[in-house]
Amino acid sequence: MKFGIRKTSIKRSLAAPTSVKRMVEQQLGLKAPRGMGWITDPKRAAYNRAYDRTTVSFWSILKKLFR
């Protein structure tokens, strides 16, 4: 498990919302509602929750600096 600041990848940040798979899932309505990850894939949901709580985004640090 990682602790501290996450390494950002602009390439991945842009690729994620614009992927063909995501667009098809959104148009067909196959996406589960928010919070349903515990039902669809509990192991992944647990990992993501722990990762989110133990790491910090580079962008959130920048926002705090320039408030």
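Assorted remarks:
- For the chain, a Kirkwood hydrodynamic radius built from all Cα pairs, placed in the Stokes-Einstein relation at 20 °C and 1.002 mPa s, yields a translational diffusion coefficient of 149 µm²/s.
- Sequence of Lys11, Lys31 once ranked by neighbouring C-beta atoms within 10 Å, starting from the fewest: Lys11, Lys31
- Whole-number percent relative contact order across the chain, with pairs defined as alpha carbons under 8 Å at least 6 apart: 60 percent
Computed from the coordinates by the stated procedures, all read-outs in this text should not be read as laboratory data. None of the values given here were measured: they were computed from a predicted structure. Glycine gets a Cβ as well: all are built from the backbone with ideal geometry, and neighbour counts include every protein chain shown.
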